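First comes the structure, then the notes that go with it.
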Amino acid sequence: MKRMPMKKRISVTARGFKILKRYCPGLAQGKALYELINSIQPFITVWFSAQIINEISTQRRIKTIVLYVSSIVLIHFICAVLKNTINRLCNEKESQMWDWFGKIFSDKQMSLDFADLESPEIQHQRQEAEENLYMFGNGLAQLVWGTSTLVNACVNILVSIAMTVTLFLSQSGNAVMDSPAWIFIILACITFGGLCNSKATIKENEIFMRWCKDTVWFNRVFIFFGKDLYMNPENAKDVRIYEQNIIASKILDKLIRYDRENQTDLFKMSILPAIAYFIIGLANVMCCLFVAVKAFFGAFGVGNIIQYTAVLSRLGEGLQDFMFLLSDNEVYCTHLQSLYDYLDIPNHMYQGSLTVEKRDDNEYYVEFRDVSFQYPNTDTYALRHVNLTFRVGEKLAVVGMNGSGKTTFIKLMCRLYDPTEGEILLNGVNIQKYNYEEYMSIFSVVFQDFRLFSFSLGQNVAANVRYDRDNVLACLEKAGFRERLDSMPNHIETCLYKDFETDGVEISSGEAQKIALARALYKDCPFMILDEPTAALDPVSEYEVYCKFNEIAGGKTAIYISHRLASCRFCDKIAVFHEGAVVQMGTHEELLTDNSGKYYELWNAQAQYYV
Ligand code: ADP
């Protein structure tokens, strides 16, 4: 595995702290402050204990001893109060940390080009970074936890050094024991222990990373088969009837393979740190022996033996932690980098800045000028040389068989994608040049696979927390939802679905489609696009929508996509799509006269069912 240079690691870590500051402000600082107090505390005990023992073994002044004891009690009391308060604050923040991490991903998803949302590579990249973080805390969470270890290590090293200086300065009268060479010998022993530990950490992490990759993949399979498929009621019907056996065997296969492959790795991961700890233990014994022998030759009192042995072992811990942190930092920097690789995915779509002229006369027109389009990573054209113009007030129907490019045409108009060739113009200006939000403000769309959310009915229609009640009611009425509305327990305040409210209502797909239509009406835009708006409606409701279509669409431009030709007869213009191209254009009557045309063929194919 290629190692990351130190300079890069510093910048990666610094960026990690910046992200933490933005999404979890105060968490890393709180942890650092807590650890600062926590790691200084034992030194205070050691120092005071040494003084008390020295006092008892020499002058035995009661006042001094009482002063030492009460100081320890008071300091520990203050530390306990501070630690408790900081700990509570940090725990609260840490429990929310995972939700905030989720926000990092959702913010990026929202700003990605739409095409990237559909790109399997990019979504795989996101999933890997996300699962690494959530399952193992790799990356940002390690940074939070590492902050505590870093502060602890620094305090241990600095205070231990300060408290052991006298160990080497005090003279025992024995030339060998008083030699400054001991400083290096002791430090070498401790460092060697630390190095072994850090080597073990690197090795352990190498195995762990390989393991993570497998686990992330395993988890994806498990989440998909075990959770989404079984738990989601929408899947339950098909799973019960068709997929039970195949799913169970897929999960079992994976579990058995996963278990077998990881047995040897698990053994290696436990044996390596054990060897390192044995070496660290030997280094500690060396230090204790040195202190004992020096005290034996009379360099210091009994109290100091306690101080030096305790502090030397703390110094050892500090150095080991520090070395561990260096190797751990290398590991989490790799994870942070894969998170940044996802966060840094650039937007390729041109971001225009023109404002859309708000016209009182609503005189907008949209033109497709020789537009062709290929979906990313495909080699066939979904649209080919489409030329179309329509202005506000017109009712355009787009018809064609499944896969003929109707939805793609709408996606291009809404700038979810940019054309591969040709251009789309709004009032003569390429739509890429407009500010995207401004441009989208003139469209309301009911997509074929629209979504409603677990908010109140009113909020769903207004797509906003606050809404104009009368307007919501009027839109629901126009969309044919009035009758159902009257039977809802809390009228327009009724919550849809049961995710947040136990008395939320489940609605049928036809009812959902009506609400989606009301939402499009509430937005009140000059262009209204309806992609198969009656697909889920029963014949009566479908008929109502047709009859009221002119009332529903009012003076707006309505683009009405359907594969049911009968539903398009009331439109001013019908564009017939076939294999990505507009093959015919005209009114229903005009198109029917061409008995060699696609429209005639489709009409006759469907007419037999209507008869
Ligand atoms: P329609 O709405 O007329 O049923 P679409 O516009 O959805 O047709 O699809 C047109 C063609 O583009 C189809 O061949 C379809 O398979 C393909 N297509 C649609 N969406 C995607 C996508 N996200 N990625 C790749 N190909 C797609």
- Query: Does the stretch 51-61 contain any residue that is in a helix (DSSP H, G or I), more than 27 Å from V331 (Cβ to Cβ) and touching a Leu at 6+ places or on another chain (Cβ under 9 Å)?
  - Reply: no
- Residue list for the stretch 506-530, filter: over 26 Å from E234 (Cβ atoms) and in a helix (DSSP H, G or I): L521, Y522, K523
- Item | Qualifying position, being β-branched (V, I, T) and in contact with a Ser or Thr (Cβ under 9 Å, 6 or more places away or on another chain), among V176, V165, V159, V144 | V159
- Query: Under the condition of being β-branched (V, I, T) and over 21 Å from F48 (Cα atoms), which residue from the stretch 272-307 is surrounded by the most Cβ atoms within 10 Å (Cβ to Cβ)?
  - Reply: I280
- Query: Does any residue of the stretch 145-161 turn out to be in contact with a His (Cβ under 9 Å, 6 or more places away or on another chain), within 30 Å of P346 (Cβ to Cβ), assigned to a helix (DSSP H, G or I) and modelled with pLDDT of 85 or more?
  - Reply: no
- Candidates I19, I37, I78, I10 - the one that is among the hydrophobic types (A, V, I, L, M, F, W, C), surrounded by 12 or more Cβ atoms within 10 Å (Cβ to Cβ), out of contact with any helix residue (DSSP H, G or I) (no Cβ under 7 Å at 6 or more places or on another chain) and part of a helix (DSSP H, G or I): I10
- Item | Unmet requirement for D572, which otherwise passes all of (1) surrounded by fewer than 18 Cβ atoms within 10 Å (Cβ to Cβ); (2) at pLDDT 75 or above; (3) under 19 Å from F450 (Cα atoms) | (3)
- Item | All positions within the stretch 162-180 that are in a helix (DSSP H, G or I) and small (G, A, S) | A162
- Message: outside any strand (DSSP E or B), surrounded by fewer than 16 Cβ atoms within 10 Å (Cβ to Cβ), touching a residue at least 12 places away in the same chain (Cβ under 8 Å) and more than 11 Å from the ligand (Cβ to nearest atom): is that true of E437 in this structure?
- Response: no
- Flagged in the stretch 65-101 as within 33 Å of the chain's Cα centre (by Cα) and touching a residue at least 24 places away in the same chain (Cβ under 8 Å), in numbering order, are K83, I86, N87, L89, C90, K93, E94, Q96, M97, W98, W100, F101
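Quick check on my filter: what residues within the stretch 365-397 are of a type in the set (A, V, I, L, M, F, W, C), more than 11 Å from the ligand (Cβ to nearest atom) and within 20 Å of Y599 (Cβ to Cβ)?
Residues of the stretch 365-397 that are of a type in the set (A, V, I, L, M, F, W, C), as a first pass: 366, 368, 371, 373, 382-383, 386, 388, 390, 392, 396-397.
Cutting the leftovers down to more than 11 Å from the ligand (Cβ to nearest atom) gives us 366, 368, 371, 386, 388, 390, 392, 396-397.
Listed by number, the residues that qualify are F368, V386, L388, F390, L396, A397.
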- Note on the structure: If we ask which residues in the stretch 398-432 are more than 13 Å from the ligand (Cβ to nearest atom), more than 38 Å from the chain's Cα centre (by Cα) and small (G, A, S), their number turns out to be 1
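Among the candidates L158, L133, single out the residue that is within 28 Å of G316 (Cβ to Cβ), away from the ligand (no atom under 16 Å from the Cβ) and not β-branched (V, I, T).
Going through L158, L133 in turn, the sole match is L158.
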- Kindly check whether there is at least one residue in the stretch 508-530 that is in contact with a strand residue (DSSP E or B) (Cβ under 9 Å, 6 or more places away or on another chain), more than 30 Å from S404 (Cα to Cα) and surrounded by fewer than 16 Cβ atoms within 10 Å (Cβ to Cβ). no
- Item | Of all residues making up the stretch 458-485, the number that are in contact (Cβ under 8 Å) with a residue 12 or more places away in the chain and either within 28 Å of the chain's Cα centre (by Cα) or within 23 Å of C414 (Cβ to Cβ) (or both) | 7
- Task: Return the only residue of S119, S57, S106 being in contact (Cβ under 8 Å) with a residue 12 or more places away in the chain, closer than 30 Å to P419 by Cα and small (G, A, S).
- Result: S119
- Only residues that are surrounded by 16 or more Cβ atoms within 10 Å (Cβ to Cβ) and part of a helix (DSSP H, G or I): list them for the stretch 441-470, please. L457, G458, Q459, N460, V461, A462
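So that you can scan it fast, the table gives a plain yes or no per residue for (1) under 25 Å from V429 (Cβ atoms); (2) polar (S, T, N, Q); (3) surrounded by fewer than 21 Cβ atoms within 10 Å (Cβ to Cβ); (4) without any contact (Cβ under 8 Å) to a residue 24 or more places away in the chain:
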| site | (1), (2), (3), (4) |
| --- | --- |
| V392 | yes, no, yes, no |
| A397 | no, no, no, no |
| G400 | no, no, no, no |
| F409 | yes, no, no, no |
- Condition test on G303, is it more than 39 Å from the chain's Cα centre (by Cα) and not in a helix (DSSP H, G or I)? no
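The values are calculated or read from the model by the stated rules, or taken from the named source; none is laboratory data. Computed from a predicted model, the values in this text were never measured in an experiment. In this analysis, Cβ positions are derived from the backbone assuming ideal geometry, glycine residues included, and neighbour counts consider all displayed protein chains.
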